[in-house]
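> Sharing a structure, written as structure tokens. Questions coming.
Values quoted throughout were computed directly from the atomic coordinates according to the rules given, and no laboratory measurement underlies them. A quick note: this is a predicted structure, and the numbers were derived from the prediction, not measured. Neighbour counts run over all protein chains shown; Cβ positions are idealised from the backbone, glycine included.
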Amino acid sequence: MKAKVFKILFRILPMILILTFVTAVTVACRGEANKYHAELYHLKYADMTAEFAESNRTYGTYYEGTDGKTIKDKDSPRTRTRIIGNEDEFAEVFINFPADVDLEKQMIVMYMSTVRNNRACRLKKLTLDNGKLEITFKVQPVKPGIKDSTMPGTRFIAVVMDKADVDSVEFIQK
């Protein structure tokens, strides 16, 4: 009888250890993101004011010129970031935002970059050290056989998080 119980325990124990390890790693990777209650939102052009979208183009994107012709942007930077911390800045940037944001307690960190597909993204990691904010995100992989490339455009990502003292922001795509 005791031998049967030990056999069962030796089969179950490795599974419990593996689950504990996986849970610990997951919590450790997202630890700071949870600390700042950070959530990532993937936005569309339609969510932005026309002025913001126009003035925050990124290198290599295509847009319509005043004469109606399509123009490739060769002057803008490859990426842009912006921190939005008050209602005036919020109104300047957004027509629509997919979540309620309390800008008294929260801030929005925006990232714009040129992409050939506009797949969804998810927050992987967030660290804040001496005013330097690093946000790591992962682009959702495409299923084999599916072609989703388009004309290059600007990807807008917004991370809503608790207000913090931030001097610089770096977004890292994994």
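> If a residue has to be touching a residue at least 60 places away in the same chain (Cβ under 8 Å) and farther than 22 Å from E54 by Cβ to count, how many in region 86-105 make the cut?
Initially, region 86-105 is screened for residues touching a residue at least 60 places away in the same chain (Cβ under 8 Å), giving 97, 99.
Add one more test, that the residue is farther than 22 Å from E54 by Cβ, and what stays is 99.
Residues in region 86-105 being touching a residue at least 60 places away in the same chain (Cβ under 8 Å) and farther than 22 Å from E54 by Cβ: 1 in total.
> For region 82-113, which positions are crowded, with 19+ Cβ neighbours inside 10 Å and of a type outside the set (A, V, I, L, M, F, W, C)?
Q106, Y111, S113, listed by residue number.
> Are there strands (runs of 3 or more DSSP E) fully within region 46-131 with at least 1 residues that are among the β-branched types (V, I, T)? List them. Break it down into steps so the answer makes sense when it comes.
Numbers: elements: 62-64, 70-72, 79-84, 106-115, 121-129.
The qualifying strands (runs of 3 or more DSSP E) are 70-72, 79-84, 106-115, 121-129.
> Of everything in region 48-71 that's touching a Ser or Thr at 6+ places or on another chain (Cβ under 8 Å) and free of Cβ contacts under 8 Å to residues at least 24 places away in the same chain, which residue is farthest from A158 (Cα to Cα)?
To start, the set of residues in region 48-71 that are touching a Ser or Thr at 6+ places or on another chain (Cβ under 8 Å) comprises 53, 56-64.
Narrowing the set further to residues that are free of Cβ contacts under 8 Å to residues at least 24 places away in the same chain leaves 63-64.
Working: Y63: 22, E64: 25 Å.
Selected residue: E64.
> Counting just the residues of region 137-174 that are among the polar types (S, T, N, Q) and either out of contact with any helix residue (DSSP H, G or I) (no Cβ under 9 Å at 6 or more places or on another chain) or free of Cβ contacts under 8 Å to residues at least 24 places away in the same chain (or both), which one comes out nearest to G60 (Cα to Cα)?
This residue is T150.
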